[in-house]
Amino acid sequence: MELPAPPKAVAVEVVATQPTEADGAAIAHLSARDQKTLAEVAYVVKIRFESMPEATSRGWALYVNDFRIPKYWAYKEGIFFKVFDAQFFQDHRGQSLRFSENGVDFVDTGLRLAPPGALEDLTELPRQDDLLK
């Protein structure tokens, strides 16, 4: 069975948001594991599609260059994933967002990862529910 073509990605946006309760637990775990303090921020990386593809039993894995994004979710205009350590954006700055069915053959979206804007006030971050409407 041939996999349908990957979705056509047309835009990428990185938004710093208020972490959910589950995000807070993940931030605490990563802080303890890596022995460094992470900000109470969930960076949402939104990838907007030209149109949403049909759901299938087989899907495309998302990569930032050669790093596989372990989990992503759908929202009405595309997909998104979360980042809890801002160092991720430095480590992958300017790298290509790509899809792969098998981890060997890649389809480049033509989009590149950019760092989030500077954070000035953590109390003014948007809620994820509002961002992903």
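The values are calculated or read from the model by the stated rules, or taken from the named source; none is laboratory data. In this text the structure is predicted, and so the values were computed from the model without any measurement. So basically every Cβ, Gly included, is an ideal-geometry build from the backbone, and we count neighbours across all protein chains shown.
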(request) Quick one: count up the residues across the range 9-64 that are of a type in the set (A, V, I, L, M, F, W, C) and under 24 Å from Glu124 (Cα atoms). (result) 17
(message) Can you pull out every residue in the range 92-120 that is closer than 18 Å to Ile27 by Cβ and either over 14 Å from the mean Cα position of the chain (by Cα) or at pLDDT 95 or above (or both)?
(response) Leu119
(request) Being among the basic types (Lys, Arg), exposed (fewer than 12 other Cβ atoms within 10 Å of the Cβ) and closer than 22 Å to Gln128 by Cβ is the filter here, so list the residues in the range 26-73 that pass it. (result) Lys71
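Given the range 16-133, what strands (runs of 3 or more DSSP E) lie entirely inside it while holding 1 or more residues that are in contact with a Pro (Cβ under 7 Å, 6 or more places away or on another chain) and in contact (Cβ under 8 Å) with a residue 12 or more places away in the chain? Walk me through how you get there before you give the answer.
Numbers: elements: 42-49, 61-64, 73-75, 78-83, 96-100, 106-112.
By residue number, 42-49, 96-100, 106-112.
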